[in-house]
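Beneath this line is the structure, given in structure tokens, with notes to follow.
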Amino acid sequence: MTDSKTTSRTAPMIRLDNLHKTFGSKTVLNGMNLDIPQGSSLVIIGGSGSGKSVTLKCILGLLAPDEGDIFINGESTLAVFAATRERTNRNIGMLFQGAALFDSLTVWENISFGLMQGEGMNRDDARDIALEKLVAVGMERKDADRWPSELSGGMQKRVGLARAIASNPAIMFFDEPTTGLDPVMGDVINDLIVNCVRELGATALTITHDMASARKISDRIAMLYQGKIIWTGETQDIDHCDNAHVDQFIHGKIDGPIKMNLRVA
Amino acid sequence: MNPLRPIGAAFLGFLAATGQLSMFTSTAIWHCVRPPFFFRLLARQMIDIGYYSLPVVGMTTLFAGMALALQTYSGFSRLSAEAESAIAKVVLLGITRELGPVLAGLMVAGRIGAAMAAELGTMRVTEQIDALTTLSTNPYKYLVVPRIIAGLTMLPVLVFVGDIVGVFGGYIVSVYKLGFNPGLYIKASWDILQAIDVISGLVKASAFGFIVTLMGCYHGYHSKGGAQGVGAATTNAVVSASILILITNYIITELFFST
Ligand SMILES: Nc1ncnc2c1ncn2[C@@H]1O[C@H](COP(=O)(O)OP(=O)(O)O)[C@@H](O)[C@H]1O
Ligand SMILES: [Mg+2]
């Protein structure tokens, strides 16, 4: 443990090195570089379809980049054995855009899924942890035995968050945590994310196009545009940065260097 | 535009799909023989395939056996004095060797293969399969292996029951409609019965169980594009399984019975 602490000051927790990813003839990532220091919370902003989710899936090992390398804790995660990959994933908690709860399992079984299936914990202990996490995300213990389909979108997101933090991961990913929620519920989720990340001392990577959420969650912000990170800096600096793309994006202007491919039917 | 272009593109697409299916099949088989296993999930799939498909398979083989007896009577009685043994023979061989496994396979393709493709397809497009991976659970082990093993093992059970019901259907028609002597009919059936007839049918059943569950899982696992994609996956699972069942049926018949 002490080893990783001393190296972490020099090496970032997550490093993306020259990532390329193409689907058919469509280039999504085109030489993406990004460092995420340990214990920091970084938000990647970018338009819809700019490749934010693809980036996350590459880091998680769900997609393989065509070129480039990904380092977690200083070690490359590409071209490793499945068992090594699984061990890495055990340290990662992920909140999916649509929560991605298993609809054949109850709320508490969802939350403790990784503990029971992945780590072989017995059901009683797993249920205790599930209840604890359920309370941590502001839900009630009696919700534990409900089914995901009975919950509202905001509650599903909370359960998804509880599932992501169940194994106390060192790294957390959030894919558009506030998309599809009303502003109040979105802010509740933002607060929960900030609290959970702080309590775990985790390194967090969030992708979103919701600027209010980005400002609240992040220490640093990076902007993804045309497959590259075109700007990165401290959150408070984003309002007076001199990058025209960033300026256009955060203020939602129509005029600017970002051209939408709007086809008139 | 070059007229060969679409042909080339279709051919490349075919090769890509074949490669993807081969990869899927070999990965699935690899995980079938390596622990850990999810026995609870396996039990649930076995009940779903083996128990809840019984009524459907029973009904189809029952009426197939009945129709077979009637049809054979109208065809053979004019030629043969020994209609009883001819009908018993046709019903027994027809059901155990061909109709039992094929009908059960097709019914299960419609019932189970479609449901598997829809379930896994929905899990794919709602990112539940990705979520499994991030929770350190291999989706092949958790989703695919229990289904394939349940198909391999439960289809023979279904077909064995279907064989009995189908032969019984032939008996009902022969005795109650055609007025044959029940004792003679049963004796004729028993004299003809050989283990190889039933065994070849059960081997077919196991192969069909593999095909149905593999196609259901494969099309579901690789579905994309929302509700429409899941619908397409379901259709493709049933159609491809049905075609493969009929092709495999011929091949196994050839292996067992062509001398
Ligand atoms: N599995 C895939 N196959 C083909 N194209 C994909 C796949 N996943 C993503 N894409 C494409 O990559 C682009 C970026 O997608 P995504 O990363 O989901 O965008 P977003 O930034 O909105 O999260 C989109 O144009 C999408 O169509
Ligand atoms: Mg996305």
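Residues that are open to solvent by less than 60 Å² (accessible area, probe 1.4 Å), acidic (Asp, Glu), within 14 Å of chain B (Cβ to nearest Cβ) and away from ligand 2 (no atom under 16 Å from the Cβ): does the range A:107-126 have at least one? The answer is yes, given that some residue of the range A:107-126 is open to solvent by less than 60 Å² (accessible area, probe 1.4 Å), acidic (Asp, Glu), within 14 Å of chain B (Cβ to nearest Cβ) and away from ligand 2 (no atom under 16 Å from the Cβ). Of the residues in the range A:199-211, at least one is of a type in the set (Asp, Glu), assigned to a helix (DSSP H, G or I) and away from ligand 1 (no atom under 13 Å from the Cβ). Among the candidates A:Leu192, A:Leu224, A:Leu181, the residue that is over 19 Å from A:Ile36 (Cα atoms), within 16 Å of ligand 2 (Cβ to nearest atom) and away from chain B (no Cβ under 14 Å) is uniquely A:Leu181. Checking each residue in the range A:34-55 for being open to solvent by 30 Å² or more (accessible area, probe 1.4 Å), polar (S, T, N, Q) and more than 23 Å from A:Ile92 (Cα to Cα) picks out only A:Ser48.
Checked across the range A:20-33, the condition of being touching a residue at least 12 places away in the same chain (Cβ under 8 Å), crowded, with 16+ Cβ neighbours inside 10 Å, part of a helix (DSSP H, G or I) and away from ligand 2 (no atom under 14 Å from the Cβ) holds for no residue. Residues that are within 13 Å of ligand 2 (Cβ to nearest atom), touching a strand residue (DSSP E or B) at 6+ places or on another chain (Cβ under 9 Å) and of a type in the set (S, T, N, Q) within the range A:34-65 comprise A:Ser50, A:Ser53, A:Thr55, listed in sequence order. Summed over the range A:129-156, residues that are closer than 27 Å to A:Ile221 by Cα and either within 16 Å of ligand 1 (Cβ to nearest atom) or open to solvent by less than 10 Å² (accessible area, probe 1.4 Å) (or both) total 2. Candidates in the range B:102-127 are the residues that are in contact with a Phe, Trp or Tyr (Cβ under 6 Å, 6 or more places away or on another chain) and within 13 Å of chain A (Cβ to nearest Cβ); of these, the one that is surrounded by the most Cβ atoms within 10 Å (Cβ to Cβ) is B:Leu120.
Taking the criterion of being under 28 Å from the mean Cα position of the chain (by Cα), surrounded by fewer than 22 Cβ atoms within 10 Å (Cβ to Cβ), closer than 16 Å to B:Arg97 by Cβ and of a type in the set (S, T, N, Q), would at least one residue in the range B:131-149 satisfy it? Within the range B:131-149 (the criterion being under 28 Å from the mean Cα position of the chain (by Cα), surrounded by fewer than 22 Cβ atoms within 10 Å (Cβ to Cβ), closer than 16 Å to B:Arg97 by Cβ and of a type in the set (S, T, N, Q)), the answer is no, since none of the residues qualifies.
Counting only residues that are acidic (Asp, Glu), give me the helices (runs of 4 or more DSSP H) lying completely in the range A:51-167 with at least 1 of them.
Numbers: elements: A:52-60, A:82-90, A:107-111, A:123-136, A:153-165.
Output list reads A:82-90, A:107-111, A:123-136.
Right, A:Ser104: more than 26 Å from A:Asn33 (Cβ to Cβ) and within 13 Å of chain B (Cβ to nearest Cβ) or not? Taking the combined requirement at face value, the residue satisfies it. All conditions in (1) more than 16 Å from ligand 2 (Cβ to nearest atom); (2) in contact (Cβ under 8 Å) with a residue 24 or more places away in the chain hold for A:Lys142, with the sole exception of (2). Kindly establish whether A:Leu78 is surrounded by fewer than 19 Cβ atoms within 10 Å (Cβ to Cβ) and within 14 Å of another protein chain (Cβ to nearest Cβ). Judged against the criteria, A:Leu78 is not a match. Among the residues making up the range A:87-97, those that are open to solvent by less than 60 Å² (accessible area, probe 1.4 Å) and either at the interface with another protein chain (Cβ under 7 Å from one of its Cβ atoms) or at pLDDT 90 or above (or both) are A:Asn89, A:Ile92, A:Gly93, A:Met94, A:Leu95, A:Phe96.
The values are calculated or read from the model by the stated rules, or taken from the named source; none is laboratory data. This is a predicted model, so every value here is computed, not measured. Cβ atoms come from the backbone with ideal geometry, glycine included; neighbour counts cover every protein chain shown. The area values use the complete protein model at the heavy-atom level, side chains included, leaving out ligands, DNA and RNA. Shrake-Rupley method; radii C 1.70, N 1.55, O 1.52, S 1.80 Å.
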